[in-house]
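Below: one structure, written as structure tokens.
What follows is calculated from the coordinates using simple rules that are stated; it is not laboratory data. From a predicted model like this one, the values you see are computed outputs, not experimental measurements. Here Cβ is always computed from backbone atoms with ideal geometry, including for glycine, and neighbour counts include all displayed protein chains.
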Amino acid sequence: MLAVIPARLASTRLPRKMLRELAGQPLLGWVYRAAQASTALDGLLVATDSAEIADYCRAEGFAVEMTSPDLSSGTDRVHAVAQTIPAEIYINIQGDEPLLQAEQLDALVALFHNPAVQVGTLKTPCPAADVANPNAVKVVTDASGRALYFSRATIPFDRDGVGNATLQRWKHLGFYGYRPDALARFPTLPTSRLEAAERLEQLRFLEAGIPIHVAETAIDTIGVDTEDDLRRAEKILRQRIPLS
């Protein structure tokens, strides 16, 4: 069970976000140390195309692998690592999730106790503040827990105004697991129309007919895409770990 944290420095919405400091350390440091707390993982490393990120990782004692700057998604970067490091399951931990907790990774890993699961991810009840937030991706699943669709839009749409009391919406969390065969297929598939429209790489699997199984967690996170996200995440981290 190998966990990979894809980390680019050239983020468009929030430049240099992997190394932006919040509550005393760079964002990437929070993610790596939180992942280390999971006993479900056999290995953990950062996959990056940035020499500056690699230098930071080495200084902190984090395992790091250099990958091509031409890779367009986190899944592509995990696939690159898989070419040289074998594993039964690869876990993709998005590097902009500083509120990650080990229990979330444990829930994701548990999906793969079912040998039919080829790709897995996580969902959590969607907070009211994120229902209309395009930076918070929503997911709809079938009765067996397989994803029907992911969207930045508000799904399902509440046409008759029944409200959240009877309509549960789910927020998608940016953690994935793949068996090697499913991961190997990803870069061979063309960028799908849905993936390009929503800017959500997981839609490539769905449009190719590869099911994504979704585990539930009660623990929400904030994926850091903007300055506001950074400040919100920092406030929560400071509450968790009071600074002297």
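Kindly provide log₁₀ I(q)/I(0) values, in the same order as q = 0.19, 0.23, 0.32 Å⁻¹, from the Debye equation applied to equal alpha-carbon scatterers of the range 36-85.
The Debye formula, applied to the Cα set alone, gives -0.67, -0.91, -1.19.
Net charge within 14 Å of residue 69 by Cβ-Cβ distance, Lys/Arg positive one each and Asp/Glu negative one each, not counting residue 69 itself? All intermediate terms of the calculation are to be shown ahead of the outcome.
Values: positive: 8, 77; negative: 49, 52, 65, 70, 76.
Net of charged neighbours comes to -3.
How big, in percent, is the set of alpha carbon pairs in the range 2-240 lying more than 22 Å apart? Kindly include the intermediate steps, with their values, before the conclusion.
Numbers: 14561 of 28441 pairs.
Result for the distance tail: 51 percent.
What is the Cα convex hull volume of the range 3-123 when expressed per residue in Å³? Walk me through the numbers before you get to the answer.
On the way: hull volume 13.8 nm³, N = 121.
Hull volume normalised by residue count: 114 Å³.
Given the range 2-240, what count of lysine pairs have C-alpha atoms under 21 Å apart, with each pair 8 or more places apart or on different chains?
Details: 17/235; 123/138; 123/171; 138/171; 171/235.
Lysine pairs, 8 or more places apart or on different chains, close enough: 5.
Restricting things to alpha carbons, find the Rg to Rh ratio for the range 159-244 using the Kirkwood radius for Rh. Numbers along the way, then the final one.
On the way: Rg = 17.6 Å, Rh = 16.5 Å.
The Rg/Rh ratio comes out at 1.07.
Ranking 88, 97, 198 by Cβ neighbours within 10 Å, fewest first, what do you get? Numbers along the way, then the final one.
On the way: 88 10, 97 23, 198 18.
The order, fewest Cβ neighbours first, is 88, 198, 97.
For the ranges 42-54, 11-23, what's the packing order if you count other beta-carbon atoms within 10 Å of each residue, average per peptide, and put the highest first? Spell out each step's value before the answer.
On the way: 42-54: 19.1, 11-23: 16.3.
The packing order, highest mean first, is 42-54, 11-23.
I'd like the antiparallel share, as a percent to the nearest 5, of DSSP beta bridges with both residues in the chain.
Details: 20 of 36 bridges.
Just about 55 percent of them are antiparallel.
Beta carbons within 10 angstrom, averaged per residue: use that to sort the peptides 182-189, 218-225, highest first. Show your work: numbers first, answer last.
Details: 182-189: 16.0, 218-225: 19.0.
Result, highest mean Cβ count within 10 Å first: 218-225, 182-189.
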